[in-house]
Amino acid sequence: MSITLDVVIDSPPDHSVDMKASLDSMQGVSDATRLIAEAVLTGNTPHRLSHKGKVRTSLKQSFKGSYGHVFALDIHDGSLLSKFNRIGKSVFAELISYYLRESLYQESQQLTEKAQAIVDRLDATSEELVKQLRVSALTNIHEVSIKFNHDLKLRYRRSRDSQTILAKFDRSTAKILEAEESAEEVRLTAHITRLNINTGNGRLLVKGENETVAFGFGIEYKAVNIKAKKLFSENLDFNNGLDDKDWKFLNISALPIKLHDGKIIKYIVKGIYND
């Protein structure tokens, strides 16, 4: 059993795409899907991928239209294949999308109960996986976008006629890889919209803003003060389902991670303060 995916490089009709950049981008997609699969199935994040690995990708017959290729994520190990079968293709595709979006500081759709249970079980491996994805796989994925301004999509192929987009990559997502942590602490008033109780990562909405922003604590979550943990989880629980006029907010001090244009894509929480 394997899961069939495809990678599509959008380009104008009848226009070719640069071979070197395109192959680099496809290699990045292959590496990213293999990293996620091995972490999910083994509970460990690999730091080196081998052609002899138990989880590999293989090219399939291509398709007409925008330049791209069909490929499969193959499991070459009996016990890992059993785990893969128990998880199921749809949930596995959901996890691939989740970790790619997490690595780009993007908000993902609410996970199904089964997928969320797997993420929770991976615990610290999830954080390590996201960091490893940023090491080289995501850099390679963006080659064709950076050099030739072509957008790229990774899709899950349920059938030849049914595909679901798992992730999109372009020049704007490439800029995220150049984000830097600011040395200057800021204060913000926000409420918690998502929280992983195992890693401490989540998303918050700054008062007066419309888009949520990723946050984390910058240290192992088990080292975070229990009082702070409760403040964040209780804020999420209290505001769940309420109208915005009834929300409660937290006053948070944090180090922002910024793009070169100044946009903040993540806050590293340093503490809570009173008015």
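The values are calculated or read from the model by the stated rules, or taken from the named source; none is laboratory data. What you see is a predicted model, and the numbers here were worked out from it, not measured in a lab. Note that each Cβ is placed from the backbone with ideal geometry, even for glycine, and that neighbours are counted across all protein chains shown.
The table below lists the values:
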{"item": "Ser58 in contact with a strand residue (DSSP E or B) (Cβ under 8 Å, 6 or more places away or on another chain), modelled with pLDDT under 90 and closer than 25 Å to Asp77 by Cβ", "result": "yes"}
{"item": "Hits in the stretch 102-146 - residues which are assigned to a loop (DSSP other than H, G, I, E, B), more than 12 Å from the chain's Cα centre (by Cα) and at pLDDT below 90", "result": "Gln110, Asp123, Ser136"}
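For every residue, the table says whether it meets (1) among the hydrophobic types (A, V, I, L, M, F, W, C); (2) touching a helix residue (DSSP H, G or I) at 6+ places or on another chain (Cβ under 6 Å).
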| residue | (1), (2) |
| --- | --- |
| Arg34 | no, no |
| Val55 | yes, yes |
| Ser58 | no, no |
| Gly68 | no, no |
| Ala72 | yes, no |
| Gly88 | no, no |
| Val91 | yes, yes |
| Leu95 | yes, yes |
| Tyr99 | no, yes |
